[in-house]
Amino acid sequence: MNSSPQVVHQLGGLDETSEAQVAAGGTQVPLAQQIAELWAEHLNASEVGTDDDFFALGGNSLTGIKIIDRVAQDYGVQLSVRDFYLAQTPARVAELIEQGRAVA
């Protein structure tokens with residue numbers, strides 16, 4: 001049984017149609033890079049690439065749950081724990097977020 005990311009409708013999240021945030025210099029930050037930055041924050045890493053593996057970076061179940069909660073809060077998409085762990089990289093998590101937005 002395949003699960004799909006679910007869109008969470010709540011105040012405070014980003015606009016569901018926005019794929020990139022605007023950086024300080026006015027440039028767009030791709031969603032995969034935004035997720036990599038979120039991972040770096042939660043994994044206490046100086047830098048995380050969009051294709052870096054969550055577990056290779058020292059990720060664990062508690063950190064994963066925190067990131068999943070933040071994704072729901074910031075992007076309005078509820079990822080399952082299973083989907084998050086199978087995705088393994090910020091780029092694939094970004095794809096799940098985009099899929100969740102497309103369903104809404």
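Values quoted throughout were computed directly from the atomic coordinates according to the rules given, and no laboratory measurement underlies them. Quick caveat, the model's predicted, so the values are computed rather than measured. Reconstructed Cβ throughout: ideal geometry from the backbone, glycine too, with neighbour counts over all protein chains shown.
Tabulated data for the structure shown
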{"read-out": "Residue-span extension gain [Phe55 to Gln88] - 0.36 nm each, minus C-alpha spacing", "value": "11.1 nm"}
{"read-out": "Net charge contributed by nearby residues that have their C-beta within less than 11 Å of Asp83 (K/R +1, D/E -1)", "value": "+1"}
{"read-out": "Viscosity 1.002 mPa s, 20 °C: Kirkwood-radius Stokes-Einstein D of the stretch 28-103 over Cα pairs, µm²/s", "value": "178 µm²/s"}
{"read-out": "Local net charge near Thr63, Cβ-Cβ under 14 Å (Lys/Arg +1, Asp/Glu -1)", "value": "-2"}
